[in-house]
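Derivation of every value follows stated rules applied to the coordinates shown; laboratory data play no part. These figures come from a predicted structure and were not determined experimentally. Every residue, glycine as well, gets a Cβ built from its backbone with ideal geometry; the counts of neighbours run over all protein chains shown.
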Amino acid sequence: MLAGQRIAVVLPAYNAARTLERTVSEIDREIVDDLILTDDASTDTTPILAKSLGLYTIIHDRNRGYGANQKTCYTAALGRGADIVVMLHPDYQYSPRLIPAMASMIVSGHYDAVLASRIMGVGALAGGMPLWKFLANRALTLAENLLLAQHFSEYHTGFPTRYFKEASSINFQRSVTYGFGVLDTALRFRLDSAGIRPWPLLGKPEP
């Protein structure tokens with residue numbers, strides 16, 4: 001806990017067996033009260049390893065995608081009494097040692113949410129981000145800023161990065177699917193906000 005606030009770390013996982021133990025070993029258990037992993041129908045031993053490490057483990061019966069994985073993680077964290085939820089990829093791409101700093105910003109009462117950026121500071125390319133991923137990130141962020149009328153440095157957030165062979169299980173095809181999904185969601189939101197095409201998913205109350 002920090003200042004009496006219960007902290008949960010959620011790990012949306014897909015084929016993360018090679019890096020999970022290393023990731024978990026760097027999580028500060030002095031302040032983290034709960035570790036929750038949702039396995040999105042991995043084909044490796046991720047769920048078995050997660051249970052052996054003492055993580056509260058949820059297993060999807062089929063691959064539902066990254067967004068659905070996150071939803072399962074957050075629902076479980078809130079259901080288990082979390083006051084603060086930190087999402088951490090189990091592929092060791094982002095440093096678990098930044099969890100106390102990020103949680104402390106929430107505990108301070110000055111912020112409702114903390115979103116990290118790979119683009120600011122040292123930069124994603126310096127951290128080893130592949131050029132094609134960097135360019136795709138920049139293009140998607142530009143489109144999202146235009147559609148959402150915002151000015152974020154990055155929507156596809158992450159801590160200071162370290163890219164290596166085992167660090168990401170998202171291949172080019174899955175990345176393309178994700179990118180088009182992001183654009184579709186942003187466009188739907190824009191059309192709804194402009195009153196052009198209502199999007200029932202937003203569930204806006206009637207006036």
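With springs connecting C-alpha atoms under 10 Å apart, model the chain as a Gaussian network and identify which of T177, T43, T141 has the largest mean-square fluctuation. Of the options given, T177 has the highest mean-square fluctuation. The residue list W132, T23, W199 was ranked by how far each Cα lies along the charge dipole of the chain toward its positive end, using unit charges on Cβ atoms, and W132 comes out on top.
Under a Gaussian network description of the chain, with springs only between Cα atoms under 10 Å, the residue in L35, L20, L191 that fluctuates furthest is L191.
Restricting to DSSP loop positions (anything but H, G, I, E, B) with no more than 12 other Cβ atoms inside 10 Å of their own Cβ, which trypsin sites (Lys or Arg not before Pro) remain in the stretch 1-50?
Working: sites: R6, R18, R22, R29; in loops: R6, R18, R29.
Passing both the DSSP loop test and the Cβ count: R29.
What 222 nm value per residue comes from the helices of the chain, counting each DSSP H run with n ≥ 4 as -39,500 (n - 2.57) and dividing by all residues, nearest 500 deg cm²/dmol? Write down the numbers at each step before the final one.
Values: 6 runs with 76 residues, N = 207.
When only DSSP H runs of four or more count, the value is -11500 deg cm²/dmol.
When the distances between all Cα atoms of the stretch 34-105 are binned every 10 Å from zero, what whole-number percent does each bin get? Whole-percent P(r) values from 0 Å outward: 18, 51, 29, 3.
For percent of Cα pairs over 32 Å apart, the candidate list reads [x] 19; [y] 11; [z] 35; the entry that matches the value derived from this model is [x].
For A17, which sequence-distant residues (separation of 5 or more, or a different chain) have an amide H within less than 5 Å of its own amide H, given hydrogens modelled in the peptide plane? Sorted by chain and number, the residues that satisfy this are T45, T46.
Nearest 10 degrees is fine. How inclined is helix 66-79 to the longest principal axis of the chain, computing both from alpha carbons? On a 0 to 90 degree scale, this one is about 60.
If the only charges are +1 at each Lys and Arg Cβ and -1 at each Asp and Glu Cβ, what is the size of the charge dipole of the stretch 21-177 around the Cα centre, to the nearest 20 debye? The calculated dipole for the stretch 21-177 is roughly 440 debye.
Any idea what the relative contact order of the chain is, in percent, if you count C-alpha pairs under 8 Å spaced at least 6 apart? The partial results should precede the final answer.
Working: 300 pairs, mean separation 43.6, N = 207.
Relative CO of the chain lands at 21 percent.
Taking a ≥ b ≥ c as the square roots of the eigenvalues of the alpha carbon gyration tensor, the stretch 69-108 is oblate, as a/c is not under 1.5 and a/b does not beat b/c.
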